[in-house]
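Inspection log for the structure reproduced underneath, given as structure tokens.
The values are calculated or read from the model by the stated rules, or taken from the named source; none is laboratory data. Computed from a prediction, not measured in an experiment: that's the story for all the values here. All Cβ positions, even for glycine, are placed from backbone atoms using ideal geometry, and neighbour counts span all protein chains on display.
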């Protein structure tokens, strides 16, 4: 248990920061789920707008330091690749779901 005033303040700060970080990560996960739902539904225009929203959220959360900027870049890249693969599969006329997982 902390005894000094500064240590007690640090505990209070850590609690609030942990809550903020967890909320930010949940927001990212929720937006990725909406993107994935739009993508699996075959609605590419909605998926593209959702991808833009996810990218904005990832960049903001990375700027705050909740996640590392390379983690945000990696997630952004993988989501964009999923959209492009799904589009290519649809254009090729075919095996949409198995190719979208790549």
Where residue 44 falls short, out of the listed (1) under 14 Å from the mean Cα position of the chain (by Cα); (2) surrounded by 13 or more Cβ atoms within 10 Å (Cβ to Cβ):
(1)
Working only within segment 50-86, note down all residues that are part of a helix (DSSP H, G or I), over 10 Å from the mean Cα position of the chain (by Cα) and within 16 Å of residue 20 (Cα to Cα).
60, 62, 63, 64
Of all the residues that make up segment 1-42, how many are part of a loop (DSSP other than H, G, I, E, B) and at pLDDT 95 or above?
1
If residue 90 passes every condition in (1) part of a helix (DSSP H, G or I); (2) within 20 Å of the chain's Cα centre (by Cα); (3) in contact (Cβ under 8 Å) with a residue 24 or more places away in the chain but one, which one does it miss?
(2)
